[in-house]
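What follows is a single structure, written as structure tokens, with notes after it.
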Amino acid sequence: MAATSKSTLRVCCISATIVTLVTISVLVTLALTVFKPRDPDVVLYPVGLAKLQLSDFITNDSVTSDMVMSIRNKNYASFEFVNATSHIKYDGKLVGRVPIVQGTIPARSTFNITAPAVLRAKRLRENPNAINDIVGGSLNLTATVTMHGKVAMLNRLIKKKGSVYTECHMTIYISEVPIRGESWCWAKLEM
């Protein structure tokens, strides 16, 4: 009987070790592939520009235009972020702000944020390079934002602090009717 219980104990230990190793292997594989954090894709659409005219940039102290920031979350985790402010710069100097209201970007989906961008046209006119660009018909701006929040995985079972750093370069064609713009962005997720 002692030999039978030793062999049964040995089989149980070997079985438990195999199950533990397989479980660890599966978890490590999932962590390195499926749950690996991926940077979001960000596109900035200056949608309110069509309502503006070149004279708005020349005569007004500030110009307001709606912006839509489209964020595609490729991760299997959602991102809950707090209020943030995007800073718009021309030639390295702050010329505008865009308030971003807190929200949640669901896992594996696209989330649109619409917010009013307030450009300080007066600050643009004070810069001699901006005047040349305005006369030339296009304006190159850079928008940056850092969104702090929490990354929630496995139905909010696992939560981790995270930040998304985004930088967008925009060209606004102010000599065209209607005024239009285009942009390209990069974003980085840090946890």
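By the count of neighbouring beta-carbon atoms within 10 Å, fewest first, 67, 191 end up ordered 191, 67. Set against the labelled values (i) -0.80, -1.12; (ii) -0.33, -0.91; (iii) -0.46, -0.89, log10 I(q)/I(0) by the Debye sum over Cα atoms at q = 0.09, 0.15 Å⁻¹ computed from this structure falls on (iii). Couplings 3J(HN,Hα) for the stretch 147-164, derived from phi with the Karplus relation 6.51 cos²θ - 1.76 cosθ + 1.60 (θ = phi - 60°), are 10, 9, x, 10, 9, 10, 10, 6, 6, 6, 6, 10, 10, 9, 5, x, 9, 10 Hz, where x marks Gly and Pro. For the cross-link pairs 89/159; 122/150; 51/93; 6/36; 51/159, the ones whose C-alpha atoms lie over 32 Å apart are 89/159; 122/150; 6/36; 51/159. Within the same chain, aspartates and glutamates fewer than 8 places from residue 160 are excluded, and of the rest, those with a Cα less than 13 Å from its Cα are 80, 190. The distance linking the stretch 56-107 with the stretch 3-26 is 55 Å (Cα centroid to Cα centroid, whole angstrom).
Counting only DSSP beta bridges whose two residues both lie in the chain, roughly 100 percent are antiparallel. Look at the alpha carbon pairs under 8 Å that are at least 6 residues apart: their mean separation over the length of the chain gives a relative contact order of 23 percent. Taking amide H atoms as placed 1.01 Å from N in the peptide plane, the amide H of residue 52 lies under 5 Å from those of 179, each 5 or more residues away in sequence or on another chain. Estimated from helical segments only, the mean residue ellipticity of the chain at 222 nm is -8500 deg cm²/dmol, where each DSSP H run of four or more residues counts as -39500 (n - 2.57).
No lab work stands behind these numbers, since they all come straight from the coordinates. Just so it is clear, the model here is predicted, and its values are computed rather than measured. With ideal geometry, Cβ positions are generated from the backbone for all residues, glycine too; neighbour counts draw on all protein chains shown.
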